[in-house]
Structures are given as structure tokens and as C-alpha cells.
2 protein chains.
Amino acid sequence: MHFETGLHQAAQAIGAGFARELDGWPDVPVVHAMAYALEGGKRLRGYLVIEGARLHDVDPDRALRAAMAIEAVHAYSLVHDDLPCMDDDDLRRGRPTVHRKWDEATAVLAGDALQTLGFELVSDPACHPDADVRADLTLTLARASGARGMVLGQALDMAAERADAPLDLAAITRLQADKTGALIRWAAEAGARLACADPAPLGTYAQALGLAFQIADDILDVEGDVDAMGKAVGKDADRGKATFVSLLGLDAARGRADALVTEACDALAVYGARAEPLRQAARFVISRRN
Amino acid sequence: MHFETGLHQAAQAIGAGFARELDGWPDVPVVHAMAYALEGGKRLRGYLVIEGARLHDVDPDRALRAAMAIEAVHAYSLVHDDLPCMDDDDLRRGRPTVHRKWDEATAVLAGDALQTLGFELVSDPACHPDADVRADLTLTLARASGARGMVLGQALDMAAERADAPLDLAAITRLQADKTGALIRWAAEAGARLACADPAPLGTYAQALGLAFQIADDILDVEGDVDAMGKAVGKDADRGKATFVSLLGLDAARGRADALVTEACDALAVYGARAEPLRQAARFVISRRN
């Protein structure tokens, strides 16, 4: 199956999964805000879970729970990242951010509960009958998203915005490995973990993919337009913030992203032709318009 | 061992446990803020884990991990609850709140990472060698703290403050069962879960204890002083908010708390004299000065 078909199907399955999951939850604004924050998005992280699981012949229903978990954690990070005290964004995925549509308190609580939902999904027996696998997914998800992973990256990013001197290439590479790379890696490795197989090849793939993804984001922040992105663009340059584009220049940034995609594809050699959709995914990441 | 000695020892062990746990973490403000938020407090939830585990002859090191987990989740909820967009408190445990000592963004991220730490602690093999137990603790912790548990209670509490009519007794009892009761119940039941024993008696104890705790909080909000409480008092009455005291009157609220303590103690009959410290804990909850 071609990557774009797979991504579309994954997005449909994940959206339907969340609708089923939240059915019957309390009819209160914080739950409505959670459902809203879980709508839309590319679902690239969830797709990586599902496709990695397919490579290991994992039951798709189990893969779906893990895919929903990483999308819930990703959604929590966006809701909190958009808050006035963080990035202060009004627009996300082409719609008002949660704190604009409801209020800040609801956004804080909805983000909190989305993180909790992520851990609930991977620790539920519906995710995998073997508790060792569930506990492994939970522990690795916690390590990837906490203050030695994603939250550390967000904190370093904030500190960099307030610092006098912009970051250098090594520092920004490290920052992005935490901020976006850790969750992308968890997503790519989850399929192997669900099959109790070696996650190393998918991990190497994801490390290169995650960095390529961030470089592509920086390029889009310069070249993209608001309509295609569904969020504000040009913010990094306006803030004088160091990005891969500001440090490398546009051409060298593109060249680095291309090289990372090749590196990501090479890491999948062990899977042969079956991994073609994941190779297409890597190419998509640097050619996307949003 | 008398309850107050046990509580003191639990607090020492939990504090030392967090110092060990965070040793070597990144030297950044968000991690400093996490450590700060984890300091102090009564550690009642952590004590309930440790004492419930002792009743079931669970290895104290394992109980300590689960005790730290519930204290991390409790600390996260306080850091976010204190934010300007939530309760807007400047003082917590007699010291500046995290967003006052650092800033709002650091408080949001530190709270986020404290929640993650809670799930990391219960899913780590150091908590229990049997993954079924770890996955069970994780799943029940997620259910107790998410949008069908603690976060739901926080959201309902916020909605009540903005509503025209104050809540009635049934609604406030339900709200508090979610807001504070769910985590207290998880704490009390964790010892039984660590021993793969029936958590029902400790659960019944905790339900009565949690409600008594909240009624005592409402009484302290009327009668307490800032120095003993380490936080602002009289805020509920100032806001015209319904509390157990405003709904029942001071005497009837005291009577209800007394009855709940008796109910909590009776639920421990199956444990005989060994549960005396937990009975003392229930009495402490309604006699405390902070």
C-alpha cells in the first residue's frame, strides 16, 4: 500500500478510535476540548506506529491503541505549547487553539487529561494481552515525553528564545532530538515493541526522520503560507530565533534533509521491500506543504 | 508504629527517593521546578501507599516507588491548580508557587513532567517485578487522575465557581469524590494491588477518608490561619462558593466528618489490630491544623 493511502487510512482509523474511546465520557467542556484537540492533524506519529506494526505482523487493533496513545500525547503537547505563556498561538490545524475556543484553564486541564489518556491507552489490556509489552510501552513513552525527552526540548526551546545568543547547530540538533525526535522515535519503534522484536532498525530510521522533519518544518516556516500550514508562519525568523535555515542557509538545509532521508531509508534495509511505505513517508516529510 | 511516626518516616523516605530519582537529570529550570514542587507537603497519599503495602507484607522499596508516583501526580495537580488561569495562588506549603518563583511556562511544563514522572515510576520494573502489577497500577492511576477522575473534579469545581447557583450537597460530594477522592483511593488501594490482594476494604476506607478529608479542608478554610496552612484561607467563603460548611453548617459538617472516620475505621476490620495506624490516620485527617 502506498504511503499516502496508508496515512489516510491510519488517520481515519485513529479518528474513529478516539470517537469510540471518548463515547460516554462526561459531557463537560474539558472532554469536548480533548475531542477537539484530537481532531485533524497529519497523524504521522500514529501512522508510524501502525506501519511499524504491520512490518512485524502485529494485530492492527493493538497497533491502533498504541497509535492513539502517541497521538494523544502529541495533542497534549500542542495544546500546552499553544498557551499564551508558551508560544501564544491563536491558530492550530486551521482552527482556533483550545484556549481561544474555550479558555486557558480548560486548555491546561484538557492537555493534562490528554497526557493521562495516552498512558491509559498503552496500559489497557486492549493494547496488548502481555503486560510486559504494555509496561514496556508505558515506560518508554514516559521517558520519551518527560523532562528527559519532549518536555526538556520544549524547555530548552523556550530558554533559547529568551537567550541573548542564538543556539549553534549542535545545540539545535540536540534540542530537536528531544522536542520532536523522542516521540517520533517512540512511534516508529512501537510496532517492534508490540511484536517483542528488536526496535533498533526502526529507531535509527526514526532518528534520521525526526531531524529531517524538523529541518523541513524550519524550511516551511520560511517558505510556507498560512492557508496551507493552518498555523502562523514566519514566526521563528520574526523572533530572530536560530533554525536550521538560519544556521545553514536554505540550500544547505535542503541538502541536509535529503541526506537524512537517505539515511532513514537505508536503516530499513533489513525489512526489504516491505518497508517501502516507510521510505515513502521519509520522502514525504521533506516534500510536504504543511 | 504510631501513625505520626509512620507519616514522618514515609515523608523522609519519599523525599530521599525523589532526590535520588532526580539526581543526574538535566540541570535546567524545569527540572529544578519539579524538585521544588516535590518538596514538603504532608505526604498523606504516599503514606497510605506505604502503610497499605505494609499491611500486605509488600517489600518497602516497591511500595516507595508507588508512593512517589502518587506524590508526583499530586504535585503536578497542585502546580497546575495554582496557575493564574486556575486558582491563581501565590503561596503553597508556605512558599511561593512554582509560577511565582519561576514563570507560568515553567510551571506548565514542570506540572506536565511531574505527571509523566508518576507514570514512569509505576511502570518501571523497580516498582514491581511482575509486569501485570505494573500495568494494573498504571491503568488505575490513569483512570483515577484523568478526565473521568481528578481532572473531571477540577473542571467541575471551576465550572461551579462561575455558575450562578451554588452546588447542592449531592453535587459537591460527587465533585470531591473525583477531585480529591480518586487519588486518595488509588493510594490506599495500591498496597493491596502490589500484593495482588483484594483492594476492596482499603477502597471503602479510602472513600470515607477522602470525603472526611475534604470536609476537614472546608472547615480549615473557615477556621484555619495562613501560617499553619501555608496557603491562603477563607477563599471559598469570599467567593461565595458552596462548601460542606456552607451547606451543612459548621457543627453538622464536623458531625459528618466524625461519622465518616468511624465508617473508614470499620472498613478495616478485616485487618484487625494491624490497621491501627490507618485508623489513626483517619482520625488525624479531621483533627489536623493544616
Relative contact order of the stretch B:13-77, pairs being alpha-carbon contacts under 8 Å that are 6 or more residues apart, as %: 39
Inter-chain Cβ neighbour average for residues B:84-92, partner chain, 10 Å: 2
Cα centre as origin, Lys/Arg/Asp/Glu Cβ charges: the stretch A:1-118 dipole, Debye: 320
Residues B:Arg95 and A:Asp27, FRET efficiency given R0 of 51 Å [Cβ-Cβ distance, rounded to 0.05]: 0.85
Dipole axis of the protein assembly as shown (+1 Lys, Arg; -1 Asp, Glu on Cβ), positive-most option in B:Leu247, A:Ala63, B:Leu169: A:Ala63
Neighbouring partner chain Cβ atoms per residue of B:123-131, average, 10 Å criterion: 4
Under 12 Å, Cβ to Cβ, from B:Glu71 - net charge with Lys/Arg +1 and Asp/Glu -1: +2
Lysine-lysine proximity count for the protein assembly as shown, Cα under 23 Å, sequence distance 8 or more or distinct chains: 20
Neighbour-count ranking [beta-carbon atoms within 10 angstrom, fewest first] of B:Met86, A:Met158, B:Met150, B:Met34: B:Met86, A:Met158, B:Met150, B:Met34
Footprinting exposure proxy for A:Leu220, B:Leu211 (fewest neighbouring C-beta atoms within 10 Å first): A:Leu220, B:Leu211
Summed residue charge, Cβ within 13 Å of A:Arg134's Cβ, Lys/Arg positive, Asp/Glu negative: -4
Sequence of B:Tyr76, A:Tyr271 once ranked by neighbouring C-beta atoms within 10 Å, starting from the fewest: A:Tyr271, B:Tyr76
Mean residue ellipticity (222 nm) of chain B, computed from DSSP H runs ≥ 4 via -39,500 (n - 2.57), nearest 500: -22000 deg cm²/dmol
Computed magnitude of the charge dipole of the protein assembly as shown (debye, nearest 20; Cβ of K, R +1, Cβ of D, E -1): 500
Relative contact order of the stretch A:3-287, defined on C-alpha pairs under 8 angstrom at six or more residues apart (%): 19
Pseudo-label separations to other copies for A:Ala170 - Cα-to-Cβ vector, 7 Å, nm: 6.6
Size of electric dipole in chain A: Cβ of Lys, Arg +1 and of Asp, Glu -1, about Cα centre, debye, nearest 20: 380
Of the DSSP H helices in chain B, those whose Cα atoms cover at least 20 Å axially and whose Kyte score averages -1.0 or more: B:3-22, B:60-81, B:104-123, B:131-145, B:200-223, B:250-266
Number of partner chain Cβ atoms within 10 Å, mean per residue of B:171-183: 0
Dipole-positive endmost among A:Leu44, A:Ala188, A:Gly111 within the stretch A:3-287 (Cβ charges, Cα centre): A:Ala188
Choice from B:Ala253, B:Ala75, B:Ala273 showing the highest fluctuation, given a GNM over chain B with Cα pairs closer than 10 Å: B:Ala273
Signed unit charges on C-beta, dipole axis of chain A, positive-most listed residue A:Ala259, A:Ile286, A:Val98: A:Ala259
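Every number in this text was worked out from the coordinates using simple rules, so none of it is lab data. Small disclaimer: the values here were computed from a predicted structure and weren't measured. Glycine gets a Cβ as well: all are built from the backbone with ideal geometry, and neighbour counts include every protein chain shown.
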